[in-house]
Amino acid sequence: MLRFLTRRTIGAAVILLIIAAVTFFLFFAVPADPARLACGKICPPETLAQARHNLGLDQPIFVQFVEWLAGVFVGRDYDGLGHCPAPCLGYSFVNHAPVFDTIVDRMPVTISLTLGSAIIFLLFGVSTGVVAALNQGKALDKIASVSSLIGASVQIYFVGTLAMYFLVFQWDVIERPRYVPFTDNPLQWAYGLLLPWIVLAIIFTANYTRMTRSTMVEQLGEDYVRTARAKGMPARTVITRFALRGTLTPIVTIFGIDVGTLIGGAIITETTFSLQGIGRLSIQAVVNSDLPMLMATVLLAAAAIVVFNVIVDALYAVIDPRVRLS
Amino acid sequence: MTFPSPATTATATDADDSVTGVAEPAPAIVGRSPGQLMWRRFRRDKTGVISAVIVLFFVLVALAAPLISALYGKDPDTTYGLDNPGLLNDYGNPVLPNGGMSSDFWFGIEPSLGRDVFMQLVYGIRTSLSIALAATVATTVIGIVVGIVAGYAGGRTDYFIGRTIDVLLSFPSTLFIIAFMPVVENLLVKPDEETPTWLRAAALIIFLTVFGWAGLARLLRGNVLSLREREFVEAARVTGASPTRIIFKELLPNLWTPILIQSTLLLPALVTSEAALSFLGVGMIEPVPDWGRMFLRGTEVYQTDITYLMFPGIALLIFVVAFNLLGDSVRDAFDPKIRR
């Protein structure tokens with residue numbers, strides 16, 4: 001296990017390094033004047049000069065990248081702007097603050113959004129999938145498959161906006177979504193994010209229902225499930241301890257991908273509900289053309305995906321002892 | 001070749017095909033190609049046929065947009081609401097209820113600019129479908145080439161391609177496209193000029209392709225790896241067939257099934273990706289009519305005019321549902337062993 005984790009961590013680090021290098025090169029070597037892009041749409045001459053000087057644009061691109069990379073591990077000094085402590089992902093000339101501070105500031109919103117909806121869509125998706133599989137061909141199964149088909153085909157910016165219009169503005173069922181830190185008031189935190197959670201869950205549940213149903217149907221036909229039944233085990237035990245366990249592997253796979261993608265920034269959801277998370281941050285960085293911030297958000301999103309991939313692979317062995325990590 | 005021999009094909013069809021008996025005088029043994037078999041199975045699948053008709057309807061709407069415009073008597077660019085007083089009120093909202101729907105403006109008029117929503121949607125579908133279709137074709141071609149090369153060549157080539165795919169699949173593609181679009185504009189367009197429409201469309205197609213091919217390539221590579229070791233490929237190699245012949249005559253015919261299934265799933269995914277990018281403001285921009293851009297406008301005005309959002313929203317929902325059902329039916333028709 002340890003050897004596997006070390007190997008995969010190194011592999012993940014290599015992938016991240018490649019992504020960092022590629023993004024850095026594309027963002028800083030391709031444009032004619034990266035300093036202007038990094039400085040923002042409204043750029044006073046002195047800030048432009050600062051940006052040009054501090055990005056080290058007079059040096060070869062490789063040296064620039066190494067300096068940026070070194071900054072991530074040991075911090076970096078910016079002339080006239082002060083020290084940016086490690087992990088220094090760059091300095092935003094638009095916000096006049098190190099990029100990392102802003103990200104840390106926005107991260108809780110995205111994590112809360114992901115966490116809440118992930119719990120809902122995982123529980124709801126798996127249970128509807130199990131129910132559908134147990135009632136194969138019956139009305140419940142058909143309802144589940146039709147609703148998951150629609151759920152999988154609908155767009156967040158459509159349902160989300162409809163939900164806002166009807167639930168918030170027309171019928172006053174719920175307040176406008178907003179973020180209250182969990183530590184301030186857990187109830188307000190949950191209430192403020194309830195609508196985005198539900199809308200995200202509508203979109204994602206469908207996948208889990210379909211996946212759980214098809215794998216469960218397969219599992220119910222397996223010999224070991226029949227054996228368990230034949231020896232007189234209660235149906236509940238057969239389903240939860242035997243059949244469900246076998247369906248976990250594909251579910252964990254897509255769950256890892258979904259959570260990784262969401263943590264990296266639920267761009268569309270955050271835009272639809274005007275939540276100030278990482279996704280909104282990256283869009284604002286594009287609008288303000290804040291290159292260092294953009295670079296950091298791209299890397300963060302990539303890191304989230306890569307890290308969750310490793311976690312998922314390690315979990316396979318826990319779920320299914322037959323899997324050998326190599 | 002792994003096509004079933006004519007004899008087995010015929011018995012297989014005779015067994016489950018009673019319709020043919022009517023047309024033929026005697027139950028003669030007829031050989032059918034896998035393509036014909038697939039078509040027969042597909043035709044019998046009601047859901048599949050209905051969804052295919054719906055998808056075709058959308059394609060027709062996209063193709064015939066100028067014709068529809070001529071028959072309907074309006075175009076997507078004219079600001080009817082601004083030109084004719086009495087259609088929009090002082091706040092720029094349609095005077096008539098339900099977004100100004102009337103016999104003149106079937107789907108209502110756009111708030112503030114006063115363009116015809118029906119025409120916007122028809123031309124928007126045309127823009128979005130063209131971009132998605134171009135990206136699907138490019139993605140599929142690159143996916144096929146790279147997948148076959150990786151699987152067939154093996155060794156170092158395979159390793160290198162495999163790692164490239166790993167990196168691409170870990171890339172946050174939406175975010176990267178959003179981020180990189182301004183860089184492309186900065187590079188190719190002078191600061192005081194507008195970005196031309198064709199450049200935006202081309203950039204969208206290229207970006208969607210760059211991040212799209214990896215999945216298909218990985219899938220096909222796996223298929224080629226297992227096909228490569230099969231007897232018929234070995235036999236071809238022993239008889240001295242060139243790699244070109246092996247790839248085109250032996251491998252490719254066996255890959256059409258996964259390729260077709262994947263591309264039917266890919267197209268709706270790319271339509272929604274394109275729509276999402278336009279919704280986020282990095283896809284097509286004013287004044288080009290675009291499906292996704294209608295959502296952007298719709299979310300700006302939804303508090304006063306929800307009708308404007310409903311038409312593109314419901315149209316996209318119908319389109320994606322139909323395409324997903326079609327994808328399932330195509331898979332069933334190609335691969336009757338998989339029963340869902």
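Looking at the stretch B:198-340, the accessible area is 41 square angstrom per residue; that uses a 1.4 Å probe and ignores ligands, DNA and RNA. Counting only protein chain heavy atoms and rolling a 1.4 Å probe, the accessible areas of A:1, B:310 rank, largest first, as A:1, B:310. Selection among B:157, A:93, A:130 by position relative to the dipole of the protein assembly as shown gives A:130 as farthest towards the positive end (Cβ unit charges, Cα centre). The heavy atoms of residue A:112 offer some 10 square angstrom of accessible surface to a 1.4 angstrom probe. Got a sec? Which residues of the stretch A:152-200 lose 20 Å² or more of accessible surface with every protein chain in place, vs. that chain alone, 1.4 Å probe? Buried by the other chains: A:153, A:155, A:157, A:158, A:161, A:162, A:165, A:169. Database remark: amide H of residue B:283 closer than 5 angstrom to the amide H of B:278 (H placed geometrically; neighbours at sequence offset of 5 or more, or on other chains; Pro and chain starts carry no H). The helix-only estimate of mean residue ellipticity at 222 nm for chain A, built from DSSP H runs of length n ≥ 4 each weighted as -39500 (n - 2.57), is -23000 deg cm²/dmol after division by the residue total. Taking chymotrypsin sites (Phe, Trp or Tyr not before Pro) as exposed when DSSP calls them loop and at most 16 other C-beta atoms lie within 10 angstrom, chain B has its longest site-free stretch at B:107-340. Scanning residues 5 or more positions from residue A:76 or on other chains, those with amide H under 5 Å from its amide H are A:84, A:86, with H placed 1.01 Å from N in the peptide plane. Burial here means at least 10 square angstrom less accessible surface with every protein chain in place than with the chain by itself, probed at 1.4 Å; in the stretch B:280-312 the buried residues are B:280, B:295, B:299, B:302, B:303, B:306, B:309, B:310. Based on DSSP H segments of at least four residues, each scored -39500 (n - 2.57), chain B has a per-residue ellipticity at 222 nm of -23000 deg cm²/dmol.
Rounded to the nearest 20, the Cβ-based charge dipole of the stretch A:160-231 about its Cα centre (Lys and Arg +1, Asp and Glu -1) stands at 280 debye.
Assuming charge only on the beta carbon of Lys and Arg (+1) and of Asp and Glu (-1), the dipole of the stretch B:77-143 about its Cα centre is about 300 debye to the nearest 20.
Between the residues B:111, B:273, B:330, the greatest Cα displacement towards the positive end of the dipole of chain B, with unit charges on the Cβ of Lys, Arg, Asp and Glu, is found for B:330. In this structure the amide hydrogen of residue B:88, modeled in the peptide plane, comes within under 5 Å of the amide hydrogens of B:95, none closer than 5 places in sequence on its chain.
Lys-Lys pairs in the protein assembly as shown that are eight or more residues apart or on separate chains and whose Cα atoms lie under 25 Å of each other come to 7.
Split the accessible area of the stretch B:234-340 by element, probe 1.4 Å, and carbon with sulfur accounts for 64%.
The values are calculated or read from the model by the stated rules, or taken from the named source; none is laboratory data. Since we're looking at a predicted model, the values are computed, not measured. Every residue, glycine as well, gets a Cβ built from its backbone with ideal geometry; the counts of neighbours run over all protein chains shown. Ligands, DNA and RNA are excluded from the accessible area calculation, which covers all protein heavy atoms including side chains. Shrake-Rupley method; radii C 1.70, N 1.55, O 1.52, S 1.80 Å.
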